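*Asks:* Structure incoming, see below.
The values are calculated or read from the model by the stated rules, or taken from the named source; none is laboratory data. Model, not experiment: these values are computed from the prediction. Counting neighbours? That spans all protein chains shown, and the Cβs are built from the backbone with ideal geometry, glycine included.
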Amino acid sequence: MKFLAVVHREFQEHMRNRKLIFLLMVIFGGIIMALYTEVGPTANSTNVIDPFFELFAVLCPIIGIFAAMDSVVGEKEKGTLELILSKPISRGTLLYGKFVTYLLIILPLLIIELVAAYYWSEASGLSALRWHLAMPPLSHWMSMVAIVATVAMYYTALTIFISLFARSTAVAGLIGILFMTPAHPVGGEFLRLIGLFFGIESFTQVPMPIKFALSIFSKYQKFAITSPVDFAICIFSLLAITAFILFISGQIFERQNITFRL
């Protein structure tokens, strides 16, 4: 019941500060951008997955960062954290309740709209008439949806961790953006250069233990969309990292001095 009370409070707070509305607009706007603007296909696009993944591989981290950047430090800034913790509620319950609330806000709409975009692209003729690209198999599309949703979860947990130590909400957001490098094409170029240094030209040549560490890179995530084994590695690794970050965050928060001083 205490956990549900935290979730309910967070939903109310997101409605009051209009963050919920903004997040929904960003997700919906991302779909519209992918469907109807020139953000979409490039000269290297082979099917409709390419423009959607390239956009959402960057957009989902931003969504996770924006959702969670005030999770702890924001409460400190408002002076409400000490009041909340004076209630009969554990710090872990508060932290995990915030995380679950962010996921309930982000994931349902993200998944529904991406699945709807697949059928709309096919039914409306956008793929053939506008982009002149083939529709991918539904299994590949759902793999993409699962990966970008899990990426959003990872960045939400990571930003909660950052928020434990940041001096302000703005600082937490900026640090979170710095950690977006693996999701950016710059991260992909870094992987390519490292691979060339070791004589590796394809992810099929990468040893499996190394692939677990590569799951945070969008370049590997895109490869995993069409490879069932790599998809499983990518999803499992991202979920494991997310769970580990949340566990560590909970342990630190339980012992942290929550008095906030500028």
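*Asks:* Which members of segment 143-167 meet the condition of being farther than 13 Å from Ile241 by Cα, assigned to a helix (DSSP H, G or I) and touching a Leu at 6+ places or on another chain (Cβ under 9 Å)?
*Replies:* Matches in segment 143-167: Met144, Val145, Ile147, Val148, Ala149, Ile160, Leu164.
*Asks:* For segment 12-125, which helices (runs of 4 or more DSSP H) that fit wholly inside it have 2 or more residues that are within 17 Å of the chain's Cα centre (by Cα) and free of Cβ contacts under 8 Å to residues at least 24 places away in the same chain?
*Replies:* 19-36, 91-124
*Asks:* Another question about this same structure. For Gly188, indicate whether it is modelled with pLDDT under 90, assigned to a helix (DSSP H, G or I) and surrounded by 16 or more Cβ atoms within 10 Å (Cβ to Cβ).
*Replies:* Against the criterion (modelled with pLDDT under 90, assigned to a helix (DSSP H, G or I) and surrounded by 16 or more Cβ atoms within 10 Å (Cβ to Cβ)), Gly188 qualifies.
*Asks:* A follow-up question, please. Suppose the filter is touching a helix residue (DSSP H, G or I) at 6+ places or on another chain (Cβ under 7 Å), over 22 Å from Gln256 (Cα atoms) and not basic (Lys, Arg); does Leu133 pass it?
*Replies:* yes
*Asks:* Follow-up question, since we're still on this one. Is it fair to say Asn17 is in contact with a strand residue (DSSP E or B) (Cβ under 7 Å, 6 or more places away or on another chain) and at pLDDT below 80?
*Replies:* Judged against the criteria, Asn17 is not a match.
Matching residues to (1) more than 20 Å from Ile21 (Cα to Cα); (2) among the β-branched types (Val, Ile, Thr); (3) crowded, with 20+ Cβ neighbours inside 10 Å:
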residue: Ser90; (1), (2), (3): yes, no, no
residue: Leu94; (1), (2), (3): yes, no, yes
residue: Val100; (1), (2), (3): no, yes, no
residue: Ile105; (1), (2), (3): no, yes, yes
residue: Ile111; (1), (2), (3): no, yes, no
residue: Ser121; (1), (2), (3): yes, no, yes
residue: Leu126; (1), (2), (3): yes, no, no
residue: Leu129; (1), (2), (3): yes, no, no
residue: Leu133; (1), (2), (3): yes, no, no
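*Asks:* In addition: Within segment 208-228, can you find the residues that are part of a helix (DSSP H, G or I) and under 14 Å from His140 (Cβ atoms)?
*Replies:* Gln221, Lys222, Phe223, Ala224, Pro228
*Asks:* Here's something else I'd like to know. Could you run through segment 161-191 and say how many residues are closer than 19 Å to Phe212 by Cβ and not hydroxyl-bearing (Ser, Thr, Tyr)?
*Replies:* 7
*Asks:* Within segment 126-139, which residues are hydrophobic (A, V, I, L, M, F, W, C) and free of Cβ contacts under 8 Å to residues at least 60 places away in the same chain?
*Replies:* Ala128, Leu129, Leu138
*Asks:* Oh, and also: Of the residues Ala34, Ala43, only one is at pLDDT below 80 and under 23 Å from Ile177 (Cα atoms); which?
*Replies:* After applying the criteria, what remains is Ala34.
*Asks:* Here is a follow-up. Given the condition in contact with a Cys (Cβ under 6 Å, 6 or more places away or on another chain), hydrophobic (A, V, I, L, M, F, W, C), within 22 Å of Ala224 (Cβ to Cβ) and touching a residue at least 60 places away in the same chain (Cβ under 8 Å), answer yes or no: does some residue in segment 150-162 qualify?
*Replies:* Yes - at least one qualifying residue is present in segment 150-162.
*Asks:* Looking for something within 21 Å of Leu95 (Cα to Cα), surrounded by fewer than 22 Cβ atoms within 10 Å (Cβ to Cβ) and at pLDDT 85 or above - is there at least one such residue anywhere in segment 59-69?
*Replies:* Within segment 59-69, one or more residues are within 21 Å of Leu95 (Cα to Cα), surrounded by fewer than 22 Cβ atoms within 10 Å (Cβ to Cβ) and at pLDDT 85 or above.
*Asks:* Can you pull out every residue in segment 214-245 that is of a type in the set (S, T, N, Q) and within 16 Å of the chain's Cα centre (by Cα)?
*Replies:* Result: Ser215, Ser218, Gln221, Ser237, Thr242.
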